[in-house]
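Worksheet for the structure shown next.
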Amino acid sequence: MLLDKGPGKKWYAWTVASPQAVYHRILPSRSGATARQVLGDYQGVAMVDGYAAYQTATKSSADAPASCSLVFCWAHVRRKFVEAEKVAPACAEVLSLMGQLYAIEAGLPDPHALEGEPQAAALAHRLAVRREKSAPLVDAIREWAQAQRALPGSALRKALEYMLELWSGLTVFLSNAWVPLDNNLVERQLRDMVLGRKNHYGSKSLRGTEVAALFYSLMETARLCGEDPGRYLLRAALAAIANPGTVTLPSSID
C-alpha cells in the first residue's frame with residue numbers, strides 16, 4: 001500500500017494480522033525478498049492473496065528453506081468472478097456456490113474465542129461440517145471452472161486461471177479447521193490507514209510513516225481485543241517506559 005502518492009520515494013505498508021493482533025510495517029518494496037523479510041522465521045500458515053511475491057518468499061532454496069505454508073483467499077477469487085459476471089452471466093452459478101460456502105462458515109463456531117476442551121470441540125465440529133457440506137461445494141466449483149470455455153485475456157479467463165492456479169492453497173481449509181475462508185481480517189485493518197492517508201494526504205517522511213504504522217498497529221490491536229484504544233495506548237506506553245522495547249498485547253498488561 002503506497003502511503004504517499006506524490007513524487008519521490010514510495011513506501012508500502014505490509015500488514016500481518018491474527019484475531020488478537022495487527023502489525024503494520026513500512027518497507028520500500030513489494031518484492032519477494034521483502035515478503036520474506038516480513039515473514040521472518042514464521043513456520044505456520046499464512047493466508048494471502050495471489051500476489052506472486054508471497055509465493056516467491058516461501059519457496060525453498062539451497063540456503064533458505066521455506067519459511068511457512070501459504071493458503072489463499074476465497075474473497076479475492078470471488079471478486080474476480082463478480083467482475084467477470086458483467087460480461088459472462090454464467091458466473092452467477094459459481095458465485096452462488098461460493099455464497100453457499102460462506103453461509104456454511106457463518107454458522108460455525110470461532111475457535112479463537114475459546115480455550116481448552118471447548119476449543120477442541122469447536123475445531124472438530126468445523127472440520128466435520130466442512131468435510132460434509134463444504135467439500136461437495138468446492139468440488140462443484142472446480143467442475144464448473146473446468147467446464148468453462150473463455151477467450152484468452154477475457155475477464156472470465158483471468159478469473160478461472162487465477163482460481164485454478166491457487167487451487168491447492170484454496171482447499172486447505174477443508175483439512176485444517178484453523179484456516180479461514182479469506183483474509184478479510186487484514187483487509188479490514190487497512191481501512192483506517194487508507195482513511196488516514198486520505199485525511200492527511202499521506203505521511204511526508206519515512207519516520208512519520210513508521211510512527212503512524214506503529215500507532216495504527218496498537219489501536220487496531222486494542223479494538224480486536226475488545227479494549228479501549230486510548231487506555232491501551234497509555235498502558236502500553238507506561239510498560240515500554242518501565243521496560244524499553246516491550247511489545248505487549250492488551251491481555252498481558254496489568
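The values are calculated or read from the model by the stated rules, or taken from the named source; none is laboratory data. None of the values given here were measured: they were computed from a predicted structure. Please note: Cβ atoms are built from the backbone with ideal geometry, for glycine as well, and neighbour counts cover all protein chains shown.
Listed values, structure above:
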quantity	calculated
Sole exception among (1) assigned to a helix (DSSP H, G or I); (2) farther than 17 Å from ASN183 by Cα for GLU105, by number	(2)
The lone exception for LEU27 - which of (1) more than 19 Å from ASN199 (Cα to Cα); (2) at pLDDT below 90 it fails	(2)
Answer residue from region 180-209, given it is among the hydrophobic types (A, V, I, L, M, F, W, C) and surrounded by 17 or more Cβ atoms within 10 Å (Cβ to Cβ) and is modelled with the highest pLDDT among those	LEU181
Filter result for the condition that a residue is within 24 Å of the chain's Cα centre (by Cα) and more than 21 Å from GLY50 (Cβ to Cβ), over ALA155, ALA140, ALA177	ALA177
Among the residues listed as ALA222, ALA159, ALA150, the single one being in a helix (DSSP H, G or I), assigned by the TED database to the domain that holds LYS86 and in contact with a helix residue (DSSP H, G or I) (Cβ under 6 Å, 6 or more places away or on another chain)	ALA159
Sole residue being β-branched (Val, Ile, Thr), under 30 Å from HIS125 (Cβ atoms) and out of contact with any Leu (no Cβ under 8 Å at 6 or more places or on another chain), chosen from VAL172, VAL211	VAL172
Residues that are part of a helix (DSSP H, G or I) and more than 15 Å from ARG142 (Cβ to Cβ), drawn from region 79-90	ARG79, LYS80, VAL82, GLU83, ALA84, GLU85
Residue within region 162-172 that is surrounded by 15 or more Cβ atoms within 10 Å (Cβ to Cβ), among the charged types (D, E, K, R), touching a residue at least 40 places away in the same chain (Cβ under 8 Å) and not assigned by the TED database to the domain that holds GLY44 present	no
Some residue of region 59-75 being under 26 Å from ARG197 (Cβ atoms) and not aliphatic (A, V, I, L, M)	yes
Given (1) among the aliphatic types (A, V, I, L, M); (2) surrounded by 14 or more Cβ atoms within 10 Å (Cβ to Cβ); (3) closer than 27 Å to THR56 by Cβ, number of the condition ALA122 does not satisfy	(3)
